[in-house]
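Below is one structure, written out as structure tokens; comments come after it.
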Amino acid sequence: MSSFAYTQKELESNLLPEKTYAKAKVIVIPGNHSDPEKGIFDGWATESPYTGSVYYNTYFEVLDTFSMVYDKMTNKAELQHLGKYKNMRIYHMIGIESSKGPEWGYYGTKFIKDIIHSGRNIMPKDMSEEAEAKREMKGRCAAEDIHEQVVAITTGIKPGQTAADPSYTTVKKILVPGDTFYNIVMGLEGVPQKRHNEVIFDDDIPF
């Protein structure tokens, strides 16, 4: 052995398989950036020193995992409990604003709404008084509300280009009530589940 460099296999040894279903806890890492005029308090956000973009720096701590399998006899998909990768961290930046355009903040806002709907078990299109009450902000800013929220997710893998830029696991989607397998991942198998169409961005929702 002439080098102590990790092999690609070793670098990828902590990757979750793509399309893994997981129950995970959201942790926001304070970045010491505040902007009260934009609803960012107590240093929860992070500002990039290179681009000036502002984001919430987060990781999703895996609590439980499942894989999707197909039953060839019934031609239906079901989840199989894995129970692996507990405490693994999946890092994710939630965009707030960028000089490149509004899309960064748009997708960040949508992502935060999905976390709230997933963690608080709210159907996205449920506009009842009970649902609206669950959507109310409890903290001074969104970061306080999503911090330590337990949600259901699916994972992806971002391919690396070099050994110095290895592949890594990503949060592909936040599952919300009505999504297939949401109840199973969240441990709500006995709760009746409704289905919903694609979530539509709605500025009237507090998140």
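Phi-derived couplings, Karplus 6.51 cos²θ - 1.76 cosθ + 1.60 at θ = phi - 60°, listed residue by residue for the stretch 107-116: 5, x, 5, 4, 5, 5, 4, 5, 4, 5 Hz, with x used for Gly and Pro. Maximal additional length on extending the Glu130-Leu188 stretch stands at 19.0 nm, based on 0.36 nm per residue less the C-alpha distance.
Each label point was placed 7 Å from the Cα along the Cα-to-Cβ direction; for Lys158 and Phe41 their separation is 3.1 nm. The fraction of all Cα pairs in the stretch 86-153 landing in successive 5 Å bins from 0 to the largest distance is 3, 14, 24, 23, 19, 11, 5, 1, given as whole percents. Couplings 3J(HN,Hα) of the stretch 14-21, computed from phi: 9, 6, 6, x, 4, 6, 6, 9 Hz, in residue order, whole Hz [Karplus 6.51 cos²θ - 1.76 cosθ + 1.60, θ = phi - 60°; x for Gly and Pro]. Full extension of the chain between Tyr106 and Asn14 gives 30.1 nm of extra length, using 0.36 nm per residue less the Cα-Cα distance.
Before rounding to the nearest 500, sum -39500 (n - 2.57) across all DSSP H runs of length at least 4 in the chain and divide by the residue total; then give [θ] at 222 nm in deg cm²/dmol.
On the way: 5 runs with 37 residues, N = 207.
Calculated at 222 nm, the ellipticity per residue is -4500 deg cm²/dmol.
Give the average over all directions of the projected area of the C-alpha convex hull of the chain, one decimal, in nm².
Values: hull surface 60.5 nm².
Projected area, direction-averaged: 15.1 nm².
Only the Cβ atoms of Lys and Arg (+1) and of Asp and Glu (-1) were treated as charged; on that basis the dipole of the stretch 14-185 about its Cα centre amounts to roughly 600 debye. Taking a ≥ b ≥ c as the square roots of the eigenvalues of the Cα gyration tensor, the stretch 36-125 is classed as prolate, since a/c reaches at least 1.5 and a/b is larger than b/c. Sketch the reach of a paramagnetic label on Ile27 as a point 7 Å from Cα along Cα-to-Cβ, and name the residues of the stretch 43-65 whose backbone nitrogen lies under 12 Å away. Taking a point 7 Å out along Cα→Cβ of Ile27, the residues of the stretch 43-65 whose backbone N falls under 12 Å are 58-63. For the stretch 148-157, the Karplus equation 6.51 cos²θ - 1.76 cosθ + 1.60, evaluated at θ = phi - 60°, returns couplings of 6, 6, 9, 9, 9, 9, 10, 10, x, 10 Hz by residue, with Gly and Pro reported as x. Label-to-label distance, Met137 versus Arg89, with points set 7 angstrom from Cα along the beta-carbon direction: 2.7 nm.
Between the amide H of Leu16 and those of Thr169, distances stay under 5 Å, these residues lying 5 or more places away or on another chain, with hydrogens modeled in the peptide plane.
Read-outs: derived from the displayed coordinates by stated rules, not from any lab. Quick caveat, the model's predicted, so the values are computed rather than measured. Methodologically, a virtual Cβ is constructed for each residue, glycine included, from the backbone with ideal geometry; neighbour enumeration extends over all protein chains shown.
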